[in-house]
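Engineer: Before anything else, here's the structure in question.
The values are calculated or read from the model by the stated rules, or taken from the named source; none is laboratory data. Predicted, not measured: the structure shown is a model, and the values here were computed from it. No Cβ is skipped: glycine too gets one built from the backbone with ideal geometry, and neighbour counts run over all protein chains shown. Note: areas computed on protein heavy atoms with side chains; ligands, DNA, RNA excluded. Shrake-Rupley method; radii C 1.70, N 1.55, O 1.52, S 1.80 Å.
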Amino acid sequence: TIREYVELMRTQGRFDKRRAEQARAWMWSEVDDALLSAFREHPQVQDRLEGLERAVMDGETPATAAAQELLEVFMGGDGEARES
């Protein structure tokens, strides 16, 4: 029964399409994992992380502002608040 199902999926092209979609999802998962790891290991992010986490938990800084600051530091900015 399983072989018949797999053969039907292959003849309809759904098997290969599903495999291709899985491969794409795996690629993005690898990118996500690598970026998160690099972000967390970034020295300037590590320097600011504890203080920003505390400020967010104490209600002194909005989570979105803290996240933006950390992302700016990670991407090479100074992480200081900017006026629009």
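Engineer: So which residues in the range 53-66 are open to solvent by 60 Å² or more (accessible area, probe 1.4 Å) and not acidic (D, E)?
Structural biologist: Of everything in the range 53-66, those that are open to solvent by 60 Å² or more (accessible area, probe 1.4 Å) and not acidic (D, E) turn out to be R54, M57, G59, P62, A63, T64.
Engineer: Could you list, ordered by first residue, the pairs with Cβ atoms under 6 Å in which the first is in the range 51-71 and more than 17 Å from R40 (Cα to Cα) and part of a helix (DSSP H, G or I) and the second is open to solvent by less than 50 Å² (accessible area, probe 1.4 Å) and of a type outside the set (V, I, T), at least 6 apart or interchain?
Structural biologist: V56/A66
Engineer: Please name all residue pairs, on different chains or six or more residues apart, with Cβ atoms under 7 Å, provided the first residue is in the range 38-49 and is closer than 10 Å to L70 by Cβ and the second residue is part of a helix (DSSP H, G or I) and β-branched (V, I, T).
Structural biologist: F39/V45; Q44/V73; V45/V73; R48/V73
Engineer: Regarding A38, is this residue in contact with a Leu (Cβ under 6 Å, 6 or more places away or on another chain) and either open to solvent by 60 Å² or more (accessible area, probe 1.4 Å) or part of a helix (DSSP H, G or I) (or both)?
Structural biologist: When the stated conditions are applied, A38 does not pass them.
Engineer: Which is at pLDDT 95 or above and either touching a Cys at 6+ places or on another chain (Cβ under 7 Å) or open to solvent by 80 Å² or more (accessible area, probe 1.4 Å) (or both), of E50, E80?
Structural biologist: Details: E80 fails: at pLDDT 95 or above.
After ruling out the rest, the residue left standing is E50.
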